[in-house]
1. What number of residues within segment 20-43 are crowded, with 23+ Cβ neighbours inside 10 Å and over 18 Å from ASP70 (Cα atoms)?
2. Mind listing just one residue for me: the one in segment 36-62 that is aromatic (Phe, Trp, Tyr) and modelled with pLDDT of 95 or more and, of those, farthest from the chain's Cα centre (by Cα)?
3. When only residues in segment 84-139 that are within 20 Å of ASN58 (Cα to Cα) and of a type in the set (Phe, Trp, Tyr) count, which is surrounded by the most Cβ atoms within 10 Å (Cβ to Cβ)?
4. If a residue must be farther than 24 Å from MET125 by Cβ, in contact (Cβ under 8 Å) with a residue 24 or more places away in the chain and assigned to a loop (DSSP other than H, G, I, E, B), how many such residues does segment 69-108 contain?
5. Determine, yes or no, whether PHE29 is touching a residue at least 60 places away in the same chain (Cβ under 8 Å) and in contact with a strand residue (DSSP E or B) (Cβ under 7 Å, 6 or more places away or on another chain).
6. Restricting the search to segment 162-175, which residues are surrounded by 15 or more Cβ atoms within 10 Å (Cβ to Cβ) and more than 15 Å from PHE78 (Cα to Cα)?
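The values are calculated or read from the model by the stated rules, or taken from the named source; none is laboratory data. Note that the coordinates shown come from a computational prediction; the quantities given were computed from them, not determined experimentally. Glycine gets a Cβ as well: all are built from the backbone with ideal geometry, and neighbour counts include every protein chain shown.
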Amino acid sequence: MKIFCVSSGRCGTLFVSEMFRKMTNIPSFHEPKPFCVGPMLEEVNNKEWMNFSDETNNVLYEKIDQIKRDSDSEGNYFESSQMFIKSYWTDVLAAFGQISVIYIERNPIDVLLSYHLKCPWQQSMWFMESHWENVLLKTTEEQSFLENILWEWYEIKERWNEYKKLFDKTYELDFKKLNDMGEWKKLFSHFGIEHRVLDNPGHLKKNAIKRDDMETLKDIREKWKVMGNRKPQLTEREKMDRSIDVARKAVSDTARRLDSCMR
């Protein structure tokens with residue numbers, strides 16, 4: 001069984017991959033390389049497949065090879081990456097036939113706040129653009145960075161509603177239930193996955209964003225029209241948050257590889 005996630009960014013995909021790693025024996029990956037971002041992301045959303053560059057085709061081939069290489073001997077594999085539905089889902093479906101998908105939904109306003117507060121450094125290489133040719137909800141003009149975050153949330157939901165019938169098994173997971181062990185038992189039961197009991201997620205606990213709503217909304221209003229290609233100067237807190245995100249991913253990858261070696 002191969003399982004992927006459909007979600008926007010800031011929806012707990014790292015947390016979900018950690019839960020799969022701790023509760024199941026399925027190899028679990030969060031945003032593994034190749035990331036499938038940047039020029040490649042633009043090509044698959046802005047050109048016909050026969051016009052893809054050699055570089056884009058090579059990344060797609062590499063992605064399929066990575067999934068095959070990292071699957072276990074029975075073909076099981078789990079990946080949580082916002083890029084799946086944005087850039088390579090059709091290639092995965094063509095390569096493996098039956099795949100299962102989890103749709104993680106978080107309130108779009110909370111997604112916007114999360115990006116604004118924790119990832120102001122995130123650049124357009126990870127985002128689709130609303131004026132690209134192959135998107136479902138196309139606009140005639142380029143959007144600002146914050147406008148595009150909201151647009152992408154709806155584009156991803158539209159893709160989910162449009163394409164979920166093509167997947168073998170699907171499950172809709174509410175971001176607010178990520179800490180609910182009962183919800184995880186339902187999810188694993190739905191996919192027929194044997195799992196371990198995890199009474200206390202411990203350090204994995206997903207917390208709500210702490211914020212001053214009025215100050216944050218005021219700041220968003222002031223920056224609403226700032227274009228996505230204008231990279232703001234990082235504050236010391238933002239640099240620290242970015243380093244923490246990178247460190248968490250490194251720890252997750254190391255733990256996963258150690259688990260794999262011990263099995």
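1. Number satisfying all stated conditions: 2.
2. Step one: filter segment 36-62 for residues aromatic (Phe, Trp, Tyr), giving 49, 52, 61.
Checking the rest, the ones that are also modelled with pLDDT of 95 or more come to 52, 61.
Values: PHE52: 23, TYR61: 20 Å.
Within segment 36-62, the match that is farthest from the chain's Cα centre (by Cα) is PHE52.
3. If we take residues in segment 84-139 being within 20 Å of ASN58 (Cα to Cα) and of a type in the set (Phe, Trp, Tyr), then TYR88 is surrounded by the most Cβ atoms within 10 Å (Cβ to Cβ).
4. Counting residues in segment 69-108 that are farther than 24 Å from MET125 by Cβ, in contact (Cβ under 8 Å) with a residue 24 or more places away in the chain and assigned to a loop (DSSP other than H, G, I, E, B) gives 7.
5. Working: touching a residue at least 60 places away in the same chain (Cβ under 8 Å): yes; in contact with a strand residue (DSSP E or B) (Cβ under 7 Å, 6 or more places away or on another chain): yes.
So PHE29 passes the test.
6. TYR163, LEU173, PHE175
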